[in-house]
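A.B. asks: Structure below; questions to follow.
The values are calculated or read from the model by the stated rules, or taken from the named source; none is laboratory data. Given the structure is predicted, the values throughout are model-derived calculations rather than measurements. With ideal geometry, Cβ positions are generated from the backbone for all residues, glycine too; neighbour counts draw on all protein chains shown. Ligands, DNA and RNA are excluded from the accessible area calculation, which covers all protein heavy atoms including side chains. Shrake-Rupley method; radii C 1.70, N 1.55, O 1.52, S 1.80 Å.
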Amino acid sequence: MNQEELIALILKKDERAFTNMYDMYSKSLFSVISNLLKETEDAEDVLQEVFVKIWKSIDSYSESKGRFYTWIVNIARNAAIDKLRSKGYNNSQKNLSSDNFVHLLEDNNKLINRIDTIGIQEFVKKLKPKCIQLIELLFFQGYTQQEASDELEIPLGTVKTQNRNCINDLRTYLKI
């Protein structure tokens, strides 16, 4: 089945189209989503939501505005970003310490991840306590600078300045 036939069947809400669409695009959409969401279960949930959204909003697709594949990839990407920004997802991520993240990355067999994480925790531990706390929030727990400001009860400008200073201190330790 080609793309034009698929779109025509989706517009008619033909059930075969949903199965064909899933078979044709699930792997690539899952890849886009899982690049943003590291937990497989979260990525699978978002993938399911994406296919339902495509199915329900097919009327808003216009060939004149772009390719179908680009349209569904944007839906997948936006859904993953929405999940990342959701309050529930952020709260679940905040409960993890930096030790959990470093351990997960060090166990990964991909060389690039191993290079990025080997010994970083040891260098972070050499920083001032306020830097350790700030780096843990911003880099290991994924807080935004505004969220870190709220959590630490300090002005946003102070968070930005301290972040810059702490990163410079870390660079000194790493000699980058």
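A.B. asks: Given the range 1-78 reduced to its alpha-carbon atoms as identical point scatterers, what log10 I(q)/I(0) does the Debye formula return at q = 0.11, 0.13, 0.18, 0.20 Å⁻¹?
C.D. replies: Taken in order of the listed q values, log10 I(q)/I(0) reads -0.26, -0.36, -0.69, -0.84.
A.B. asks: Taking 7 Å along the Cα-to-C-beta vector as the label spot, tell me the residue 69-residue 44 distance in nanometres, rounded to one decimal.
C.D. replies: 2.7
A.B. asks: Please compute the modelled spin-label separation between residue 165 and residue 52, points set 7 Å along Cα→Cβ, answer in nm with one decimal.
C.D. replies: 4.8
A.B. asks: Roughly speaking, to the nearest percent, how much of the range 1-65's 1.4 Å accessible area is carbon and sulfur? Let's see the in-between values first.
C.D. replies: Values: 2010 of 4280 Å².
In the range 1-65, the share of accessible area belonging to carbon and sulfur is 47 percent.
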